[in-house]
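Asks: Have a look at this one.
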DNA sequence: AAAACAGCCTGCGTGC
DNA sequence: TGCACGCAGGCTGTTT
């Protein structure tokens, strides 16, 4: 999925488009994604004004004036498309988008567009997710963080409260590779495969090292590396890999700066040794065996 | 309790 | 051109 920087970028795009507008129509085009859509989703959203947006880990929350928030997770392949009513999707024209452009008004949704929100300012915002690993739910705004999907999340990595002492405490006693520990959303929330690889490279820590041995001095290097790689990526508009496009249709640029991710065989930017790819808990890990210990 | 694994889905790139 | 295969940014539930 989009990881934290991508979700942050999408959320900012959605906020720019939707904040302050009233939802005039919601179209739910299938019964479920990863989970069933919430009961009466359409009725509970229609007529509501959009107040604000918030991100927690890789989740987006859209606050509605009636006291509920739409909780959105993009899964692996989810993206949001925004377009003026009647126009083709702004983000990544697909075959359906090109056809609808020619037809003009009442453009049909593009392929795999499972939920469409229309507003009184004439925008149509769609949730597109071919693999359907994404999810949508409604949660009481005042109790957002008690939702079952949010309750177990660890600290936000960009918060000041995420310190090396906090990370160390979460790693102590864990006999699993640091790579796997950082992918655990209960340790720190929002990192995925890409940014774990990149952060470990910046910190000079081997992804194979046991998590417990990172507590202490190595955590003091790792925490700033995590914060820096996430902040830089957000500044670049996130990464645009295979499936992912920003809400405004612009491509993120951060993937151009990856030091290790997807660069098997290429020279390490630090020492020029070839980047290696290994598989850990079924996921690709990219790292430099010389620069990362 | 923590860790490993299968499963959920579709699409794309690669090699034959 | 077609086809089989491997791979993909995540998370959950079950088993070990």
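The values are calculated or read from the model by the stated rules, or taken from the named source; none is laboratory data. Because the structure is predicted, anything quoted here is derived from the model rather than measured. Methodologically, a virtual Cβ is constructed for each residue, glycine included, from the backbone with ideal geometry; neighbour enumeration extends over all protein chains shown.
Asks: Check the stretch A:244-252 and report whether any residue there is more than 12 Å from DNA strand C (Cβ to nearest atom), in contact with a helix residue (DSSP H, G or I) (Cβ under 9 Å, 6 or more places away or on another chain) and modelled with pLDDT of 90 or more.
Replies: Looking for residues that are more than 12 Å from DNA strand C (Cβ to nearest atom), in contact with a helix residue (DSSP H, G or I) (Cβ under 9 Å, 6 or more places away or on another chain) and modelled with pLDDT of 90 or more, one finds none in the stretch A:244-252, hence no.
Asks: Do any strands (runs of 3 or more DSSP E) lying entirely in the stretch A:1-85 carry at least 2 residues that are under 13 Å from the mean Cα position of the chain (by Cα) and under 27 Å from residue A:182 (Cα atoms), and which ones are they?
Replies: In the stretch A:1-85, A:50-56, A:59-64, A:68-73, A:79-84 are the strands (runs of 3 or more DSSP E) which contain 2 or more residues that are under 13 Å from the mean Cα position of the chain (by Cα) and under 27 Å from residue A:182 (Cα atoms).
Asks: Listed residues A:134, A:152, A:186; which is within 16 Å of DNA strand C (Cβ to nearest atom), under 19 Å from the mean Cα position of the chain (by Cα) and surrounded by 19 or more Cβ atoms within 10 Å (Cβ to Cβ)?
Replies: A:134
Asks: Select from the stretch A:124-145 the residues that are away from DNA strand B (no atom under 16 Å from the Cβ), touching a strand residue (DSSP E or B) at 6+ places or on another chain (Cβ under 8 Å) and either farther than 16 Å from residue A:51 by Cβ or without any contact (Cβ under 8 Å) to a residue 24 or more places away in the chain (or both) and list them in ascending order.
Replies: Those that are away from DNA strand B (no atom under 16 Å from the Cβ), touching a strand residue (DSSP E or B) at 6+ places or on another chain (Cβ under 8 Å) and either farther than 16 Å from residue A:51 by Cβ or without any contact (Cβ under 8 Å) to a residue 24 or more places away in the chain (or both): A:124, A:137, A:145.
Asks: Confirm whether residue A:76 is at negative phi and touching a strand residue (DSSP E or B) at 6+ places or on another chain (Cβ under 7 Å).
Replies: So residue A:76 fails the test.
Asks: Looking only at the stretch A:263-287, how many residues end up being closer than 15 Å to residue A:199 by Cβ, touching a strand residue (DSSP E or B) at 6+ places or on another chain (Cβ under 7 Å) and more than 16 Å from DNA strand C (Cβ to nearest atom)?
Replies: Adding up the residues that qualify gives 0.
Asks: Show the residue pairs meeting these rules: Cβ distance below 7 Å; 6+ apart or different chains; first residue within the stretch A:70-81 and under 14 Å from residue A:12 (Cα atoms) and in contact (Cβ under 8 Å) with a residue 12 or more places away in the chain; second residue assigned to a loop (DSSP other than H, G, I, E, B) and within 11 Å of DNA strand C (Cβ to nearest atom).
Replies: Going by the 7 Å Cβ cut-off, the qualifying pairs are A:79/A:243; A:79/A:244; A:79/A:245.
Asks: Another question, if that's okay. Could you check residue A:255 against (1) assigned to a loop (DSSP other than H, G, I, E, B); (2) without any contact (Cβ under 8 Å) to a residue 24 or more places away in the chain and say which number it fails?
Replies: Going through the list (1) assigned to a loop (DSSP other than H, G, I, E, B); (2) without any contact (Cβ under 8 Å) to a residue 24 or more places away in the chain, residue A:255 breaks only (1).
Asks: Could you please find all residues in the stretch A:272-293 being away from DNA strand B (no atom under 16 Å from the Cβ), assigned to a loop (DSSP other than H, G, I, E, B) and either in contact with a helix residue (DSSP H, G or I) (Cβ under 6 Å, 6 or more places away or on another chain) or under 15 Å from residue A:261 (Cβ atoms) (or both)?
Replies: A:275, A:288, A:291, A:292
Asks: Let me ask something else about it. I need the full set of residues from the stretch A:190-210 which are touching a strand residue (DSSP E or B) at 6+ places or on another chain (Cβ under 7 Å) and surrounded by 18 or more Cβ atoms within 10 Å (Cβ to Cβ), in order please.
Replies: A:193, A:197, A:200, A:201, A:206, A:207
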